[in-house]
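To start, the structure itself, in structure tokens.
The values are calculated or read from the model by the stated rules, or taken from the named source; none is laboratory data. Values in this document were obtained by computation on a predicted structure and should not be read as measured data. Here the Cβ positions follow ideal geometry from the backbone for every residue, glycine too, while neighbour counts run over all protein chains shown.
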Amino acid sequence: MPHRRWGAGFIAAMLCVAVLLVVGAGEWAAQSERDTQWDNLRRSGEVQALALRGVATRYNYLPFTTAQHPLVRQLLHHPASQEVRDAANAYLQTVNHHAGSDMLYVMDLQGLTLASSNWDTPNSFVHQNYRNRPYFRDALNGETGRFYGVGKTTGEPGLFVSAPVRENGQVIGVVAVKVRMEPIANPWEQLRDPVFVTDERGIVFLGSVPAWLYRTSRPVTAADVQQLQHNEQYGTGWTPRPVPWALRQQNDPPGAELRLDGNGKQYLAFEEALPDLGWTLTVTADSRVVTVARQQAWALATLASGLLVLGALYWQLRERRLAENRQARIGLEQRVQERTHALQQAQAFRQSMEDSLLVGMRARDLEGRIVYVNAAMCDMVGYSADELVGQLPPYPYWHPDELDRHWNDSDTILAGKATPQGKENRLRHRNGSDVYTMFYTAHLIDGNGQHIGWMSSVVDITAQKRAEEQQQQRETQLQRVQRVVTVGEMASTLAHELNQPLAALVNYAAAARALAEQGKTGPLNDSLAALSAQALRASDIVGRIRRWVRQHPETREPCDLQAIVEQSLGLLLRAEARRHGIPVRIDQAPVPLRVSADRVLLEQVVINLGLNALQAMQTHTPPPGGHELRLRITTDGGHALVQVLDRGPGLPPGIAERLFEPFFTTRSDGLGLGLNICRSIVESMGGELQARNRDGGGALFEIRLPLDP
């Protein structure tokens, strides 16, 4: 009776612990997934904010530079001269074309457009009046103007940047440039979750959901409504309409929760403020992933609690496995944190480089004499404007190791054969350091439309080259760590397999010694025979590993092919794919498929093929549908097939023919044995390993094994 009471009490305690485990595991998984989503949103917000700021500030220099041209002042003094207007239109059209902006135009003090880069189009800005636009008023007051709105003439939205035209300290006109934001917003439409940008009044003016555009996320005062309608910022018929969602700030940082009206769909929302632009970027993530993580944790915890109730016999084994899994998870989280920190460092470096980037300008006459350089160009090479203006080739900043190349580039440009794609050059700073630059050269036209020289814009790319070298070093270190982990897994497998026969050898040896002392020859012979059998079994295990290393595996048993693929996903592939942001899809066969194979080695083949596919996609630009790792299990006649498909660069003809040759590799740090070993393992099980290009882009690796009757 006491024993039964103790057993019942123990079971009750185990049940209580199991319930607490299920509840706690669900909440822990939900919180962990929520933290992961916030980290992803924060990084995505930083990247999108960097891109927004780059597009918004890319053409800040253009209105100011154009306002310095004598032809612009001549146009403002003689607006009635058709000759001057034609020359100004041609000049603006040329500058706008080479700069890559949308529109470039000049307005007088009343806001009337006198000349424009689109003067010869049906939607020409010429003779249009924009005095009600804030960017015109800001420039008229002597300041740089920035304004996002719907175009009055074209009806197409864009970012307007303006600068005053000064003469003798007085503003005599305004130059403005229009920049389209579609290169930023169009890729957002391919995202699964909404991304949008609001202005200082909370009005959505850019985003991935067209139905939300120009709608208010918070109340707008009557004065602001009147001002917006007067400015025609969002069209002539704009009236305030609220967005179909509510944004509720959460108690804990860092973000908010966005709930859609009607269907009640919820998103985690992270807001990235852009104070220098007066905008707020909001990126979202579907909060269902948190619920799914909680449900999955509940399911796993329920299964674990059932195993707990089976009894104390399995308690030690379970605790040991949990400890191993916990240690592996801690190691994985540590590697993820280190990788995240490295990426944040690289992102911070690129952010600093972007914030400090200035474009150098250099003008030369037809003989190659420098007639103008701006401050950015002087800072780039370390020489003052007085030292550079009037210089003929060779210039003092030409690199002494590349004089022949500099002479050739200069002669090519002066001959009128400059390429619009630009030219990379290495310069020598006055302090002796090397400066890597990109030169973009275009014709310099005077007010009469005559070609009088060449204008070059110079971009410093030194920091970018250094960042690329650091990224390559980090990838090399990560590959080295992965190889060490693989060797550790092989050693762990060998130790686990040999543990049981070695323990049996010790027991049989002890029994044989005791029987020998007692003089019982019959049982002694039996013990010695059993000892010999266990020794042979240990030898077979060692031979199995040796045969695998020599590419001749022979140990096979009936296996469930679908279980092997699922185990491969759980061991490494799913976590590795999640770390690189690549979704994984598995197509199961309608019925279980059984093959005769070595389970461990076949799992390793699937893992190796999956890792190769993930690595191929990391170095390849994502296709329109995005990257995807797909595992398909199917049949073909009397064979079972496992197909590993990716959306990487595919297999070039010259590479595909030699793919499985030993010691052939396309990687600088590879041995060229991985695919050769995989094919040998599959062939030793009576199967085939084939590779071909996938329809629509990417590669397909196919494992073909005979079905087990």
Exercise. When the residues of region 201-256 are filtered to those that are in contact with a Gly (Cβ under 9 Å, 6 or more places away or on another chain) and of a type in the set (Phe, Trp, Tyr), which remaining residue is nearest to Leu268 (Cα to Cα)?
Worked result: Phe205
Exercise. Within region 425-472, can you find the residues that are under 16 Å from Asp379 (Cα atoms) and charged (D, E, K, R)?
Worked result: Arg426, Arg428, Arg430, Asp434, Asp460
Exercise. Which one is surrounded by the fewest Cβ atoms within 10 Å (Cβ to Cβ) among residues in region 60-119 that are more than 43 Å from the chain's Cα centre (by Cα), small (Gly, Ala, Ser) and assigned to a loop (DSSP other than H, G, I, E, B)?
Worked result: Ala80
Seminar exercise, completed: Of those in region 680-709 that are closer than 15 Å to Leu645 by Cβ and surrounded by fewer than 17 Cβ atoms within 10 Å (Cβ to Cβ), the residue modelled with the lowest pLDDT is Gly696
Seminar exercise, completed: Checked Gln31, Gln37 against criteria (under 30 Å from Leu303 (Cα atoms), within 33 Å of the chain's Cα centre (by Cα) and in contact (Cβ under 8 Å) with a residue 12 or more places away in the chain); the one match is Gln37
For this session: List the helices (runs of 4 or more DSSP H) that sit entirely inside region 128-234 and contain at least 3 residues that are over 33 Å from the mean Cα position of the chain (by Cα) and surrounded by fewer than 22 Cβ atoms within 10 Å (Cβ to Cβ).
Result: 134-140, 222-231
For this session: Please tell me if Gln471 is farther than 30 Å from Val359 by Cβ, surrounded by fewer than 14 Cβ atoms within 10 Å (Cβ to Cβ), modelled with pLDDT of 75 or more and of a type in the set (S, T, N, Q).
Result: no
For this session: Kindly establish whether Val55 is under 23 Å from Gln450 (Cα atoms), touching a strand residue (DSSP E or B) at 6+ places or on another chain (Cβ under 8 Å) and of a type in the set (Val, Ile, Thr).
Result: no
Exercise. Taking the stated definitions as given, is Glu319 acidic (Asp, Glu), modelled with pLDDT under 80 and part of a helix (DSSP H, G or I)?
Worked result: no
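Residue by residue, here is whether (1) assigned to a loop (DSSP other than H, G, I, E, B); (2) loosely packed, with under 13 Cβ neighbours inside 10 Å; (3) outside the structural domain of Arg73 (by TED's automatic domain parsing); (4) touching a Lys or Arg at 6+ places or on another chain (Cβ under 9 Å) holds:
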position	(1), (2), (3), (4)
Asp401	no, yes, yes, yes
Arg405	no, no, yes, yes
Pro420	yes, yes, yes, no
Arg426	no, no, yes, yes
Val435	no, no, yes, yes
Phe439	no, no, yes, yes
His443	no, no, yes, no
Gly447	yes, no, yes, no
Exercise. Can you tell me which of Leu629, Leu602, Leu609, Leu675 is touching a helix residue (DSSP H, G or I) at 6+ places or on another chain (Cβ under 9 Å), surrounded by 21 or more Cβ atoms within 10 Å (Cβ to Cβ) and modelled with pLDDT under 85?
Worked result: Leu675
Exercise. Which one of these does Ala509 not meet: (1) at pLDDT below 80; (2) more than 30 Å from Asp636 (Cβ to Cβ); (3) of a type in the set (A, V, I, L, M)?
Worked result: (1)
Exercise. What are the residue pairs meeting all of these: first residue in region 316-331, first residue under 18 Å from Ser305 (Cα atoms), second residue surrounded by 11 or more Cβ atoms within 10 Å (Cβ to Cβ), Cβ atoms under 9 Å, and 6 or more apart or on different chains?
Worked result: Arg318/Ala304; Arg318/Leu307; Arg318/Leu308; Leu322/Ala304
Exercise. Which members of region 273-293 meet the condition of being within 23 Å of the chain's Cα centre (by Cα) and either over 20 Å from Trp245 (Cα atoms) or not polar (S, T, N, Q) (or both)?
Worked result: Ala273, Leu274, Leu281, Val283, Ala285, Asp286, Arg288, Val289, Val290
Exercise. Do we find a residue being assigned to a helix (DSSP H, G or I), at pLDDT below 90 and loosely packed, with under 11 Cβ neighbours inside 10 Å anywhere in region 352-359?
Worked result: no
